[in-house]
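Visitor: Could you have a look at this structure, given as structure tokens, before my questions?
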Amino acid sequence: MTEQQARKRVAELRDLIERANRAYYEEARPFISDKEFDMALKELEELEEKFDLQTEDSPTQRVGGTLSNEFPTVRHPEPMLSLDNTYNEEEVRDFDRRVRDLLGSQECSYNAELKFDGAAIRLRYENGRLTLGATRGDGYQGDNITTNLKTISDIPLKLNGKAPEILEVRGEAYMEKEAFVRLNEYREEQGLAPFANPRNSTAGSLKMLDPREVARRPIRFFAFDLSAGSQTPPTQGEKMDYLDRLGFPVCPYHKVCKTIDEVLGTLRQWGDLRHELPYETDGVVVKVNEEHLRPELGNTAKAPRWAMAFKFEAEQATTVIESISLQVGRLGTITPVAELKPVLLAGTTVKRASLHNEDEIRRKDLRPGDTVMVEKAGDIIPQVVSVVNPERSGRPKPFKMPGSCPKCGSELVKLEEEVAWRCLNLECPPQIRERILHFSSRNAMDIEGLGEAVVDQLVHEKLIRTFADLYELSEEQLVPLERMGEKSARNLIDAIEKSKKQGLDRLIFGLGIRHVGRTVARDLASHFHSLETIMKASEEDLLSIDSIGPKIAGSLTSFFSNPKNRELIEKLKNHGLQLEADRIESESDILKGKKVVLTGSLPNWSRKEATEMIEKHGGKTTTSVSKNTDFVLAGESPGSKYDKAVKLGIEILDEKDFRKLIGENETE
Ligand code: IVH
């Protein structure tokens, strides 16, 4: 490469990186993958070095990110640097050689830790109390988001034991994959644009202006570093234990390794484990374990020389969009979907990916025939990231939403402040189908055996039109259906019959009222005790419930004032469904505010039943064990959660102990 060529390439790379940084940090809408970004940055660094082209304003000299205007700015006592990273083991060995060269004859070990994919946070404690919490910002100064961080229950407001006068903690705010998926489902239901991944969702949530909104977001926290003046423990491994004792959640995956081979072994092991973890990890951070060696090794402009990130390969693949189809949801929302040429991604074959809404397709300029990069968000849901060949010739015109519903032909409308188009025809066949599926789903009436294939046939054969019609079905009507038979027909009728006894909260959720999720349904049931009272409630009455704001109240009153819906409820009542809450059970608050983790199989309860029991008594179940877990309910062959609870000294109950706790006698 000539110097002239190098200059040109450097300019291109700087431009790309600046744009990518803006898209990532300011708009939270990345257009290239992390790996491509890292590769571009690395290429730029190498060219600048080789041709002596460094400038002060090059992105290689900055840590990345910008500040937002809404929060006061705070300067960090020490810069919050980023990490050098690599995707290849040989470069981890190079890192080890560099470290050992610099240290000469001094011994050193490493601490390997998972790298979490969230947002970096700095916390300051004075005499054991949280006084400041900030984002990383540009590395030198960040946003003071103390009030928002105080809403996160993983972050202790007061430390355990005797804390030093000043303690600075660094860590990562993140969102569990499952919680992220649920948050996006909720956003789509509300007509809001979904987040691309848990990391963006966390970063966006932390910068909301209303802390009450932040409190509703499922944000978690892991601590991974601290400084406490004279009391700072001498090694990274001991720092983790100290953080744990102070009351911070510390990820159990950290390990002191004597040699670089041991480090590499750990990297491989954790690489296999990542899909089983409830949160996202994008690699492993290898840190020199001895604190006193850190200053000797020092930092480059943007990263410490005593640490390195080994990144796992991103789960991405390229494929072709064969066509864009339109799906109609339960509430009439039209969702465009990319029909993809099947491709293997993170262990499953992906054939379709939601494109969310029209704006999203325009922004990415996706068109049939395009080769695209797909990725799994939160490791679960496939997403189309970007077009790989935007310059190809003969592309069809940009996507445009049709004026009428693709399934029933009614006119489509776009409601104010929403991104989605909707079909308002309640008789639109896919809406009928989705309403019934929602009604029978696991978290609603939980009717076993009433899956998509059966519902499709029942709707097609005109045997049902509303979910009330389910209760009029007979075995004789079911038997002739495809893949049914007498036994399944009988089981299905039994399951439908059994659903009549489901609690009021499930029924309310099952009605599929816009904006009414499980929590609101539960709050309605425990506050009003009967569907009849809810139907009579004024907006004012409804607004007296914490989880209900004007939007939900409006949605409820409009649902119940619709004569068709009233008729539907009347029918359910005549079929003997339970429209009253079971007061005694849902009112105990023995477990109020308690966080419980389930592991293993219990002798008498399924997982779902146990969860319901916990919730009925005011408790909450969470998926992973942390310092904040109140107790673990463990059954036969429990998993790693059990070990972790033992390690953290968290109380472990078996089913018998638990029944005693909630004042229930054992069933024989
Ligand atoms: S140590 C001097 N440890 O990765 C840098 N960082 O790319 C000290 N991160 O901003 C960081 N998990 O937000 C460290 N176990 C871990 C981490 C971790 C995630 C993030 C951190 C940092 C970014 C650097």
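Visitor: Return the distance in nm (one decimal) between the two label points of a simple spin-label model at residue 637 and residue 568, each offset 7 Å from Cα along Cα→Cβ.
Guide: Those two pseudo-labels are separated by 4.3 nm.
Visitor: Excluding residues on the same chain fewer than 8 positions from residue 564, give the aspartates and glutamates whose Cα lies under 19 Å from its Cα.
Guide: The reachable aspartates and glutamates, counting only those whose Cα sits under 19 Å from residue 564, are 427, 434, 469, 472, 532.
Visitor: Spit out the partnerless Cys residues in the chain, using Cβ distances under 4.7 Å as the pairing rule.
Guide: 108, 251, 257
Visitor: Roll a 1.4 Å probe over the protein chains and send me the accessible area per residue for segment 323-476 in Å².
Guide: In whole numbers, segment 323-476 has 48 Å² accessible per residue.
Visitor: What list of whole percents do you get for P(r) of segment 261-383, with Cα-Cα distances grouped in 10 Å bins up to the one holding the largest distance?
Guide: Distribution as computed: 11, 29, 24, 18, 13, 5, 0 percent.
Visitor: So what is the orientation-averaged projected area of the chain, using the convex hull of its C-alpha atoms, in nm²?
Guide: 34.0
Visitor: Calculate the length of the line joining the C-alpha centroid of segment 522-593 to that of segment 86-140, in whole Å.
Guide: Measuring centre to centre over Cα atoms gives 51 Å.
Visitor: Right, here's the next one. Applying a 10 Å radius around every beta-carbon, put 562-573, 618-629 in order of their mean neighbour count, most first.
Guide: By packing density, highest mean first, the sequence is 618-629, 562-573.
Visitor: Could you work out the Rg to Rh ratio of segment 406-486, with Rh taken as the Kirkwood radius (inverse of the mean 1/r over all Cα pairs)?
Guide: With Rh from the inverse mean 1/r over Cα pairs, Rg/Rh is 1.05.
Visitor: Another question, then. Please say if segment 79-213 is rounded, prolate or oblate, where rounded means a/c under 1.5 for a ≥ b ≥ c the square roots of the C-alpha gyration tensor eigenvalues, and otherwise the choice is prolate for a/b larger than b/c and oblate otherwise?
Guide: The shape class here is oblate.
Visitor: Strictly over 25 Å apart at the Cα level, which of 177/608; 536/608; 150/364; 501/608; 608/641 would you flag in this model?
Guide: Pairs exceeding 25 Å: 536/608; 150/364.
Visitor: Rounded to the nearest 500, what is the 222 nm mean residue ellipticity of the chain from helices alone, with -39500 (n - 2.57) per DSSP H run of 4+ residues and division by all residues?
Guide: Value at 222 nm, helices only, nearest 500: -10500 deg cm²/dmol.
Visitor: For segment 506-634, what is the accessible area per residue in Å² when the probe is 1.4 Å?
Guide: On a per-residue basis, segment 506-634 sits at 48 Å².
Visitor: Mind jotting down the three principal axis lengths of segment 181-334 based on Cα atoms? Whole angstrom, largest first.
Guide: Principal axes ranked by extent give 62, 41, 32 Å for the Cα atoms.
Visitor: How would segment 111-186 be classified by its alpha-carbon gyration tensor: rounded, prolate or oblate, with rounded meaning a/c under 1.5 and the a/b versus b/c comparison settling the rest?
Guide: Here segment 111-186 falls in the prolate category.
Visitor: Let me ask another. In bins 5 Å wide, starting from 0, what share of all Cα pairs of segment 156-209 does each bin hold, as a percent?
Guide: Histogram of Cα-Cα distances, whole percents per bin: 4, 16, 20, 18, 11, 9, 10, 6, 4, 1.
Visitor: Carbon and sulfur together cover what percent of the accessible area of the chain at a 1.4 Å probe radius?
Guide: Roughly 48 percent of what the probe reaches on the chain is carbon or sulfur.
The values are calculated or read from the model by the stated rules, or taken from the named source; none is laboratory data. Since we're looking at a predicted model, the values are computed, not measured. Ideal geometry is used to build each Cβ from the backbone, glycine not excepted, and the neighbour counts take in all protein chains shown. Side chains are part of the model used for accessible areas, which takes the heavy atoms of the whole protein and leaves out ligands, DNA and RNA. Shrake-Rupley method; radii C 1.70, N 1.55, O 1.52, S 1.80 Å.
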